[in-house]
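Values quoted throughout were computed directly from the atomic coordinates according to the rules given, and no laboratory measurement underlies them. Note that the structure is predicted; figures quoted are calculated from it, not measured. Note that we place each Cβ from the backbone using ideal geometry, even for glycine, and neighbour counts take in every protein chain shown.
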Amino acid sequence: MKCFPGMMAFYKSTAAVVFWQWSNQTFNAIVNFTNRSGTSPISQSQLITSYCLATGGALVTALSLNRAVKNMNPLLGRLVPLVAVGAANCINIPCMRMQELRSGVVLLDEKNNEMGISQKAAVVGISAVILSRIAMAIPGMTLTPLLMNTLEKRGFLARFPRSNAPIQTLFCGFVLIFATPLGCAFFKQRAGIKVDSLEAEVRDEIKKKRPDLDTVWFNKGL
């Protein structure tokens, strides 16, 4: 969900990449698990597997990207955390919400009566969450590199080298104050899906109960 501002400031060495990505993705794993939609219980072994896949996949992605841009323009190097966070979200969120993808989410009618359970709705909901999380990260993790690149070209960072980390951390943190609620607002938590677009067996079951029902709703999580 969040990208730690420290990722922008301390992201040049392999050790820094590992530490900040592991910290960030561990935090995200907890957020993703606690904000999931499904009501199905998850075993401890499934939880540990999901966590290892989520954080491990994110670390491999970040290290690969960091190595790929090592000799490229410094601005591209500063954008590595954004690409890594985006790719990591595509891994972390589905892994930590794997039980929803396996078991489906509860579908409700307009009066909150349970109408069925759908895996397809889970995919739609999790995809929306991934997009909103990436949208949250984009402003801070693109504007911050542009700001730092400008300050570097103007010689400000050469004159005040110790200001690098505080400026990046404070600016990225400030942007996140606005980007986080904006990203959450892109998709409603109570999401709707057309009955006709559901799995055949779920669609037929709902049609038997409510032939007039066109749309069902579900909690997509955050």
Debye intensity ratio in log₁₀ form over the Cα atoms of the range 30-187, taken at each q of 0.14, 0.17, 0.18 Å⁻¹: -0.82, -1.06, -1.13
When the chain is fully extended, how far beyond the present Cα-Cα distance does residue 149 get from residue 67, taking 0.36 nm per residue of separation? 27.5 nm
Name the residues whose placed amide hydrogens come within less than 5 Å of the amide hydrogen of residue 115, ignoring near sequence neighbours (fewer than 5 apart) on the same chain. 107, 108, 109
Report the FRET efficiency, 1/(1 + (r/R0)^6), for residue 18 and residue 207, where r is their Cβ-Cβ distance and R0 is 30 Å, rounded to 0.05. 0.05
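Take each of the peptides 142-149, 209-216, 128-135, 191-198, average the number of other beta-carbon atoms within 10 Å over its residues, and list them starting from the highest. Display every interim value, and only then the final one.
Working: 142-149: 18.1, 209-216: 12.9, 128-135: 20.0, 191-198: 16.1.
Peptide ranking by packing, descending: 128-135, 142-149, 191-198, 209-216.
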Any chance you could count the Lys pairs in the range 6-219 whose alpha carbons are under 30 Å apart, treating pairs 8 or more apart or on different chains as valid? 20
